Amino acid sequence: MNRVVITGMGIYSCIGRNLDEVAGSLRAGKSGIVYDQERKDFGYRSGLTGMVEKPDLKGLLDRRARIMLPEQGEYAYLATLEALRNAKMDQDYIDSKEVGILYGNDSSADPVIQGIDIIRSKKDTTLVGSGSVFRTMNSTVTMNLATIFKLRGVNFTISAACASGSHATGLG
């Protein structure tokens, strides 16, 4: 058995929503750092942050897939779409091979906070929704993308805070 890694690149970030936009931003010296008053209102010492535009996946994914994805999963979905195209891997190729993904994801805290807020406010766990448990798992990005893209290879998540991406690259 031969092991082969096919690498494609995809990105969705504060300086662009795809490889071309990010390359253009880097060449132009554009920063994606903005001042966010909400951060200051929450008590952060700095209001500076990388602001990433929230994607609209309505035309790309059905409702069921969208409600399972937390915010970081939405970004990862678009980056994965681009990476698969960049690697020239279509669904026929994916269906005929053991294709897997390895993602670095350091946190799924926001869906946990949202769920707890609903439970405390409404005193009813059913209002959290059936997709909540999947959005709160740290492996949620990999789990969701493997399902969406019908991947049959090894799929796993590296959780190492800011080093997650480096660890994922090193293990891949």
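All of the numbers you see were taken from the coordinates with simple rules; none came from a lab. All values derive from a computational prediction rather than experimental measurement. With ideal geometry, Cβ positions are generated from the backbone for all residues, glycine too; neighbour counts draw on all protein chains shown.
In summary, helices (runs of 4 or more DSSP H) completely within segment 33-111 and bearing 3 or more residues that are more than 12 Å from Phe149 (Cβ to Cβ) occur at 37-41, 63-68, 71-86.
Whether any residue in segment 106-114 is in contact (Cβ under 8 Å) with a residue 12 or more places away in the chain, in contact with an Asp or Glu (Cβ under 8 Å, 6 or more places away or on another chain), charged (D, E, K, R) and under 26 Å from Ser13 (Cβ atoms) is what I want to check. Among the residues of segment 106-114, at least one is in contact (Cβ under 8 Å) with a residue 12 or more places away in the chain, in contact with an Asp or Glu (Cβ under 8 Å, 6 or more places away or on another chain), charged (D, E, K, R) and under 26 Å from Ser13 (Cβ atoms), which makes the answer yes. Within segment 24-45, one or more residues are farther than 29 Å from Val133 by Cβ, surrounded by 12 or more Cβ atoms within 10 Å (Cβ to Cβ), hydroxyl-bearing (Ser, Thr, Tyr) and within 22 Å of the chain's Cα centre (by Cα). Test of understanding: among Thr142, Thr157, which residue is among the polar types (S, T, N, Q), farther than 19 Å from Met9 by Cβ, surrounded by 11 or more Cβ atoms within 10 Å (Cβ to Cβ) and touching a strand residue (DSSP E or B) at 6+ places or on another chain (Cβ under 7 Å)? Residue meeting the stated conditions: Thr157.
For segment 96-135, how many residues meet the condition of being among the β-branched types (Val, Ile, Thr), touching a Gly at 6+ places or on another chain (Cβ under 7 Å) and either surrounded by fewer than 19 Cβ atoms within 10 Å (Cβ to Cβ) or over 24 Å from Ile158 (Cα atoms) (or both)? Talk me through it step by step, then tell me what you get.
Within segment 96-135, the subset among the β-branched types (Val, Ile, Thr) is 99, 101, 112-113, 116, 118-119, 125-126, 128, 133.
With touching a Gly at 6+ places or on another chain (Cβ under 7 Å) added as a condition, the list becomes 99, 128.
With the extra rule that they be either surrounded by fewer than 19 Cβ atoms within 10 Å (Cβ to Cβ) or over 24 Å from Ile158 (Cα atoms) (or both), the set shrinks to 128.
Counting residues in segment 96-135 that are among the β-branched types (Val, Ile, Thr), touching a Gly at 6+ places or on another chain (Cβ under 7 Å) and either surrounded by fewer than 19 Cβ atoms within 10 Å (Cβ to Cβ) or over 24 Å from Ile158 (Cα atoms) (or both) gives 1.
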